[in-house]
Every structure is written in structure tokens, then in C-alpha cells.
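K.L.:
Here's a structure for you.
Laboratory data are not the source of any read-out in this text; all were calculated from the coordinates shown. Small disclaimer: the values here were computed from a predicted structure and weren't measured. Virtual Cβ from ideal backbone geometry, glycine too; neighbours counted across all protein chains shown.
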Amino acid sequence: MLCLRRFVLVAAFMVGNSPFGAAQAVADEPQIIPLTAIDAYAPTALWTLVFIDYFIPEVDRRLAETGHYKIRWNKAFGGTIAKTRGVLDALQYDLADIGIVTTPYHPDKVPFYNLPYVTPLVSADIGLVARTMSELVDRYPVLAEQWSDYKQVYLTTAGSIDTYQVLTNYEVKSLADFRGRKIAGVGLNLRYLTGVDASPVNSGISDWYNNLATGLVDGIIGWVEGSIAYRLYEVAPYMVDVRLGAVSSKVINVNAKTWDRLPQEVRTVLRATAADYRDELAREADRRAARSRIEYQEHGGTIIPLTPEQRLAWANGLPNIAAEWAEDMEARGLPGRAILHDYMEVMRENKQNVVRHWDREQ
């Protein structure tokens, strides 16, 4: 009789509670859920490192509190499954379960995430920028719904760059010293150079060192932590402290089929931990930026501050790229002008040193 009761209990659990296959044979053993986590970047990249060292262990810890579920992680980072620009497609086509999507690679598919890029000289607080972007997705559900077109469920927006600066292989004494100089960057960053009449050169970070060393470019739009990680101080010993601003360039997404199979408890833990990962990544970015500024100078680098007047002149020399972004969003049926206004309002409410109020111009 006792054996029969145990058989019935186990069979009932398998039918009603096991979306990932056979349930555990003993009630107090956790159900094992396999998840493949991906990013094109290796663990040396800060956002990937924090995902491995913080997000994964924290999910495990929180699930262990109840003991109902345990994740069996397959950590496929550094291009194992998805190469650069390929994480979105890998999640869309069921090659992975959860991943870090680099949004600047997909401006046409998910244009909302360009917002920090089109509002330069507004905020260097990466934590505030990332939280605000996440809050805007909550405020405008259509932004999260866009990911369903690519068979993904959105968890959070994150970022690891505290602010963009300009690193050069020559000394800059005034904004006029940028005129005609070849400055490398990627994507929307190149638009910033119109404010100082520099010549933009589309070039990725893996090429910056050689391009600077050979004189192919005179400078790059980068960030201080990257200057240490890629030893750019050797070929760009001058950092112009423009403080162009922080950007959120990462999104944590889950494959939609995977999400549908996950138990509610696991979904809840993934969402909550993703938000905490966002904040932990921002804190670590700030810590590293502060250390990197010191290291940059210890390696012989010189930091050249810009005056408030110079930063204002730079900002005023730019076209209103934020208004252009808002109009493009509106053309797509998205509330671009309202989103831009809300974003800028948050920055003003948090006393950011806003050089140009992009949403207030006619």
C-alpha cells in the first residue's frame, strides 16, 4: 500500500509540475532546469564578468532558499555560440536560453535603446541612466513588447560605460584642436564629432590600438576603463575629459519558448536578479572608472579637463540628434517625444549637469 501511494504521488507530480521533463523522484530534491547563457564577449568584458560572478550565483542562491528548483548552467561566452552582433539572433532562433544583447548593434530593430546615445552631455551616472531606461520600459509596455517580434522576453536594461571621453595621441588645448582631426568611434558616437568639426572614422575597439599607433587616426571616442583594458594609454596619452555621458548598451533577454516553460518561481527570481545585476554592474563600472583614471595617469597619461563653456560650445555645435530620434520613433508608431521628455525630466529631477535640454527645443 505504501509503495502504491508513493507511485501515485510521483506520477501526479510528473504530469502537473514538470515543464522540463521528468520530475524529481523524491519530493525534497530540486527540479533541475538546464539553461544555456550566452554572450559574444569573453569574461574579460565587465558586463560578462559580472553576469558570471554575480547574476548566476545570485540566481542559484535565491532558488536554493526554497529548494524547489536548481539551474544547470551551460556558460557559453566569448563567441562559443554567438559571435559579435549575434546574440539577438541566437536567442531568436532557439540556440540559447538567456543572453546579453548589445543593443547598439540593432538600432533598426530596437531603436528605443539609442536614447542615451542621442542625449550626450546630460549625465555621467550610469546607474541612473540604466535604471531610467528600465523604468521607461515599465512605463511604456510597447517597448518590452517589441522583443516579442524576435521571440524574446525582456528582463532589464544595463550598462557598463560611465561616460564617453576622447583619447588622443596629441595634446588638445582648445576645441579648435579637433578641427579636421581623424577621430574613431562606432555608430551614433560619430555624430558627436560634428560639434567640433572633427573627421569621423568608423572603427571598432579591437582596431583602436593599431590605428592610433600607426597614425591612421588621431584619437578615439572611448571610456577610461577601456583605455586601461586595451592599453590605449600607450598610444593615446591624452584624455580630453568631455564627459559626453553614460550609456546603457546591454539588455538581458530570455528566449520566449524557454520562458513559457519556466516555473513561475524561476521567472520571478530571474527578473528580480536581472534588476539587481543591472545595479551591481553600474556600481562596478563606477568603481573601475575611478581606479582607471588613477591608473591612466600612473601610466603617464594626461587628463585634460574641459571648462563648462567648452562643453556648452560642443553641445551647441551638434544637431538635435535627440529630436531626430524622437521623430523616427514617432514614425514607427512609438511615443518618441513623450519618452524623450520623460527621460530628460528624470535627469533634471536628479540634479544632473544637463548641458543641453534636448527635449525643450522646437
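K.L.:
Can you classify region 77-171 as rounded, prolate or oblate using the Cα gyration tensor, where a ≥ b ≥ c are the square roots of its eigenvalues, rounded means a/c under 1.5, and otherwise it's prolate if a/b beats b/c and oblate if not?
P.N.:
oblate
K.L.:
Pairs of alpha-carbon atoms within less than 8 angstrom and 6+ residues apart define the contacts here; what relative contact order does the chain have, in percent? The partial results should precede the final answer.
P.N.:
Values: 628 pairs, mean separation 77.0, N = 362.
Answer for the chain is 21 percent.
K.L.:
Hey, another quick one. Based on DSSP, what percent of beta bridges with both residues in the chain are antiparallel, to the nearest 5?
P.N.:
Counting DSSP beta bridges with both partners in the chain, the antiparallel share is about 50 percent.
K.L.:
Another question, then. Give me the extension gain from Ile303 to Thr194: residue separation times 0.36 nm, minus the current Cα-Cα distance, reported in nm with one decimal.
P.N.:
37.0 nm
K.L.:
By the scheme Lys and Arg +1, Asp and Glu -1, what is the net charge of all other residues having a beta-carbon under 11 Å from that of Thr302? Each step should come with its number before you reach the end.
P.N.:
Values: positive: none; negative: Glu171, Asp241.
Around Thr302, the surrounding residues sum to -2.
K.L.:
Another question, then. Output the 0 to 90 degree angle, nearest 10, between the alpha-carbon long axis of helix 126-139 and the longest principal axis computed from the alpha carbons of the chain.
P.N.:
60
K.L.:
Quick one: net charge of Gly204's neighbours, Cβ under 14 Å, K/R +1, D/E -1?
P.N.:
Combined, the nearby Lys, Arg, Asp and Glu give +1.
K.L.:
Further question: Taking only Cα atoms and a 10 Å spring cutoff, compute GNM fluctuations for the chain and point out the largest among Ile221, Ile252, Ile33.
P.N.:
The residue that fluctuates most here is Ile33.
K.L.:
Okay, next question. Quick one: net charge of Val87's neighbours, Cβ under 15 Å, K/R +1, D/E -1?
P.N.:
+2
K.L.:
Along its principal axes, what span do the Cα atoms of region 215-345 show, with the longest given first and each in whole Å?
P.N.:
54, 36, 31
K.L.:
May I ask for the angle, rounded to the nearest 10°, between helix 205-214 and the longest principal axis of the chain, with both axes built from Cα atoms and the value confined to 0 to 90°?
P.N.:
Around 30 degrees separate the two axes.
K.L.:
With n ≥ 4 as the cut-off for DSSP H runs, can you work out [θ] at 222 nm for the chain, using -39500 (n - 2.57) per run divided by the number of residues, rounded to the nearest 500?
P.N.:
-12500 deg cm²/dmol
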